[in-house]
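Shown next, in structure tokens, is the structure this report addresses.
Nothing in this text is a laboratory measurement; each read-out follows from the coordinates by a stated rule. A quick note: this is a predicted structure, and the numbers were derived from the prediction, not measured. Note that we place each Cβ from the backbone using ideal geometry, even for glycine, and neighbour counts take in every protein chain shown.
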Amino acid sequence: QMERRAPPPWPLLSAGSRELDPAPPQGFVGRGAELSRLAERWLPRPSDASPAAGAAVAVVQGLAGLGKTALAGEGIHLWHGQFKYVLCFQAKPTPLQVDEFLRQVDFRLTNVSPAYRDRCERNERDRVYLPVGTLPAEQRDGLLVENLIQALRNEAVLLVLDNWETNLEPQPTAEHGYRARDPRWDRLLERLSAELPATRSRLLVTTRHRPAGLADASRVE
């Protein structure tokens, strides 16, 4: 039980950021309804026969300063026990690059997941990240997305993308929201929306603007 007090791997964010750490008990107020709605619509339910109950991707959307990151941080520390690992990323102060995201996922899972290490030792091409030049660009991009989805199928992972508006175009460029600056992000998010409902992994995104790649995701405003 002592080992489950904090979500692995810890710390949640690199470079010393503590923004997704739990707020003091008196420092988080007024978001109980949003958390309850998020839990009902989005969390996998152990009692359900299928992990596909509810949405697998949630978007916490609102203006700057409304507490989106604080809500995500509170959710992490309320619910991390339902997941094997929690992988958190912030798209600030600069956009988060796809390759850097995949490299960090691979690094963190290699450090904490014996199952992921064993799988990659059996076949190096099963890694979530492979160096540029390993394969032609299009083949490499497709393989890495498939490897990420397989890793999220194999173990219950809570994936958090905070401050996602930095990764979006400055103006809405699609009927249902803002396209990503890098089209690979839209394709990746669309695949996660389609594939995660059949898993016990979940994706939580905080953003000022609605990502077009997550047009069908459950939303908390």
Alpha-carbon centroids, the stretch 150-221 and the stretch 52-115: separation in whole Å: 11 Å
Report the one residue of 147, 8, 160 whose Cα lies farthest in the direction of the positive end of the charge dipole of the chain (charges on C-beta: Lys and Arg +1, Asp and Glu -1; origin at the Cα centre). 8
Distance in nm between pseudo-label sites at residue 63 and residue 194 (7 Å out along the Cβ direction from Cα): 3.7 nm
Explain nothing, just compute: Karplus ³J(HN,Hα) = 6.51 cos²θ - 1.76 cosθ + 1.60, θ = phi - 60°, for every residue of the stretch 86-99 in order, whole Hz, x for Gly and Pro. 10, 10, 10, 9, 10, 8, 7, x, 10, x, 8, 7, 4, 4
Counting Lys and Arg as +1 and Asp and Glu as -1, each charge on the Cβ, what is the dipole of the stretch 123-177 about the Cα centre in debye, to the nearest 20? 260 debye
When the expected Rg is taken as 2.2 N^0.38 Å, what fraction or multiple of it is the alpha-carbon Rg of the stretch 45-181? 1.16
